[in-house]
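The structure appears below as structure tokens.
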Amino acid sequence: MSHIYILPYYTNIENLRESRSEREHNSSIKFSLGYFHIELSETNSLLEDKYSLNLHSAKYLMEGITEQKEAMIHHHPKGHNWKHLQFKIKSRNEVIRIKLDALDDEDYQKCIKGFLHISQKVIQYEKETNGIEDDLQRYFFNSKIKQLEGEERFLLKQIYLASKSNGILDDSGNPLDRSRIEDLKIEKHMLPFLNWDE
Amino acid sequence: MSKNTIKVSSKEKATSIRLTERTKRMLDSIAIGKETHEQIVSRLINICIGTDPSTSISPKGNVIITKYEKANKTISIETGKNTYSVVCTYNDLSIFSTIRNGIGTIPHKQLMAYISNNGVAPEWEADVEIVNMRKANGNWEQPSHLMNKDKKEYLLLYLVSLKHILEDSFHISIPELTSEDDYFDLGNWEKAYKRYGLSMESFHSDVEKKLRVKNS
């Protein structure tokens, strides 16, 4: 069983936390400020073919209400056991999955790196939206992240191909039509992933 | 109570089925561990209808295709240097244990006919991999750390794990392998494999190849 360790190569090592339990290895960087936090994390199961790279943000708005957004690229042996991107849009109570079909290991890792490159834009958006003055680019990433521009284009191409082959699905597994995909672009944490060139 | 009442019993009802003494002994002989008769029959049913999540064997003409499911366990090992917890993944060998136990005592004719390879039991590999480890109650760490620092100790942990998995999977005891020198003696392993009729393919890939790397 091969594991995928990509995040540590492209992150600011000073803020990276590694934790290893009996069954899992996790690498993560988390930024918190007041009621807002954002986390980039990578998890490998040591016992089964399961991996995820997650970008998760949460903002406490008021008693009982937290605005949460999550984007990930992952695969696991149970449930939706194909490699895919997954987006949770809590405000809409929606989960969107984008299938990444027929990828060998090398291409899958390209997609993971592409996801990491796109994460910069999402994090930048969160910084601007929440009035955060800290340099989040430097907090999360090292200079090597800039080398992944080609991988971002590769991932966007895979997403575009998925959109053409009914591979963008709602939580019930139904493919989204063009108008629903356009509607998703309102979600700012999803927009960079839907920004392909046709 | 009305005629349309649905009665829900609080417990699963037990039944009894009549078996000859011979069939009962056959059933007992293929138990894995302390399985009850209920558990043995359920396992055999799942194998027949293909829902058993364990390793499966599919004969296709002259070819036997084995699709391994992965199992895992955490093993505690004390060597001369340290005490370790070692997390291993390996091929689930329970179906080969079932075949072996059926052959070893009373011929399991129907199962053998199904997977027949001229009456010879199919070969298998354990494919044990150490995926995680720690010393005593220390932090979990990548096995490659020990492999790079102390190759011999790493190999010893692998061989001890393999022995434990074989003993556990096939309900056997391998007394030839006790001391550190025993584990590194290829002859001891070969004796054990032949004595218990274990797969020689496993001997070559799981043991011989690994010991050759140590000696190179």
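Side notes on the structure shown:
- Test for residue A:39: is it surrounded by 15 or more Cβ atoms within 10 Å (Cβ to Cβ) and either closer than 16 Å to residue A:134 by Cα or touching a Cys at 6+ places or on another chain (Cβ under 9 Å) (or both): yes
- Filter pass, residue A:27 being crowded, with 18+ Cβ neighbours inside 10 Å and within 14 Å of chain B (Cβ to nearest Cβ): yes
- Residue, least open to solvent (accessible area, probe 1.4 Å), within the stretch A:1-14, restricted to residues that are under 18 Å from residue A:136 (Cβ atoms) and more than 19 Å from the chain's Cα centre (by Cα): A:13
- Any hit, the stretch B:101-123, residues being at pLDDT 85 or above and either open to solvent by 60 Å² or more (accessible area, probe 1.4 Å) or not acidic (Asp, Glu) (or both): yes
- Tally of residues being without any contact (Cβ under 8 Å) to a residue 40 or more places away in the chain and either open to solvent by less than 80 Å² (accessible area, probe 1.4 Å) or in a helix (DSSP H, G or I) (or both) across the stretch A:175-190: 8
- Tally, over the stretch B:171-213, of residues that are modelled with pLDDT under 90 and closer than 15 Å to residue B:128 by Cβ: 1
- Members of the stretch B:154-170 found to be modelled with pLDDT of 95 or more, in contact with a Leu (Cβ under 9 Å, 6 or more places away or on another chain) and open to solvent by 10 Å² or more (accessible area, probe 1.4 Å), listed by number: B:154, B:155, B:160, B:163
- Residue A:54 vs. criteria within 14 Å of chain B (Cβ to nearest Cβ) and outside any loop (DSSP other than H, G, I, E, B): no
- Summed over the stretch A:1-30, the residues that are of a type outside the set (A, V, I, L, M) and part of a loop (DSSP other than H, G, I, E, B) give a count of 7.
The values are calculated or read from the model by the stated rules, or taken from the named source; none is laboratory data. Bear in mind the structure is a predicted one, so any value in this text is a computation, not a measurement. Glycine gets a Cβ as well: all are built from the backbone with ideal geometry, and neighbour counts include every protein chain shown. Quick note on the areas: whole protein, heavy atoms, side chains included, nothing else; ligands and nucleic acids left out. Shrake-Rupley method; radii C 1.70, N 1.55, O 1.52, S 1.80 Å.
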